[in-house]
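Each reported figure results from applying straightforward, stated rules to the coordinates on display, with no laboratory input. As the structure is a prediction and not an experimental result, all values here were calculated from the model. Note that each Cβ is placed from the backbone with ideal geometry, even for glycine, and that neighbours are counted across all protein chains shown.
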């Protein structure tokens, strides 16, 4: 089942110049697609275009699935200074119409998984960068959407938190969700992603599974890291 269809003809921030052109791909249920490329390649612009945050954009973005819902987990935490962790979760639950029973069940499970259960009534301004990133992950997983759009999720996470994230992503894939993940951690991406979209200078230079990426760079035994440096 197709959960996200992306066909960005062009998008940018200036009327005279497009940052990305001809970026197209799809996400199917259960897929984890890695959006990779060097700094300035257009990854952030692609994500913003998908989210409808760029006025100068042409093309088509279509969400599918049973609910047609998505969650965006940004690279930098966006939190309210005056709210506790639990209040952030309550706000998200109210916005998405979760029942009290379902909210509490999911919230307690996620807080336990990410080792924040003891801090649920603390202000998030007192949290470390890694803890704040965990909050963003919990907020994303709380609503169980059809599609996750995750931007550089490993920044600030320690090895245990990284494992919890990977386990959670795998659980959501098993449920049938699709995930688009922008990352520079190529060894992890090679291990967990089912396919890739490789951007350079605002265009797709290769896409598909690792075998397809290897064919694009002409190196049948290359790692994703080696393909990245050949193609960009």
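Note the angle between two axes, namely the Cα long axis of helix 129-142 and the longest principal axis of the Cα atoms of the chain, as a number of degrees from 0 to 90, rounded to the nearest 10.
90
Between helix 100-113 and the chain, what is the angle of the helix's C-alpha long axis to the longest principal axis, kept within 0 to 90° and rounded to the nearest 10?
70
At a 10 Å Cβ-Cβ cut-off, how would you order 103, 196, fewest neighbours first?
Exposure proxy ranking, most exposed first: 103, 196.
Neighbouring Cβ atoms within 10 Å as the yardstick, rank 1, 136, 131 fewest first.
Sorted ascending by nearby Cβ count, the order is 1, 131, 136.
DSSP beta bridges in the range 136-229, what fraction antiparallel, as a percent rounded to 5?
Bridges in the range 136-229 are about 50 percent antiparallel.
How do the peptides 60-67, 216-223 rank, highest first, by the average count of neighbouring beta carbon atoms within 10 Å per residue? Please list the in-between numbers first.
On the way: 60-67: 14.4, 216-223: 12.9.
Result, highest mean Cβ count within 10 Å first: 60-67, 216-223.
In whole Å, largest first, what are the principal axis extents of the Cα atoms in the range 109-193?
Projected onto the principal axes, the Cα atoms of the range 109-193 cover 35, 25, 18 Å.
What angle do you read, to the nearest 10 degrees and between 0 and 90, between the alpha-carbon axis of helix 159-175 and the longest principal axis of the chain?
The two axes meet at around 80 degrees.
Roughly what % antiparallel, to the nearest 5, for the DSSP beta bridges in the chain?
DSSP beta bridges in the chain are roughly 60 percent antiparallel.
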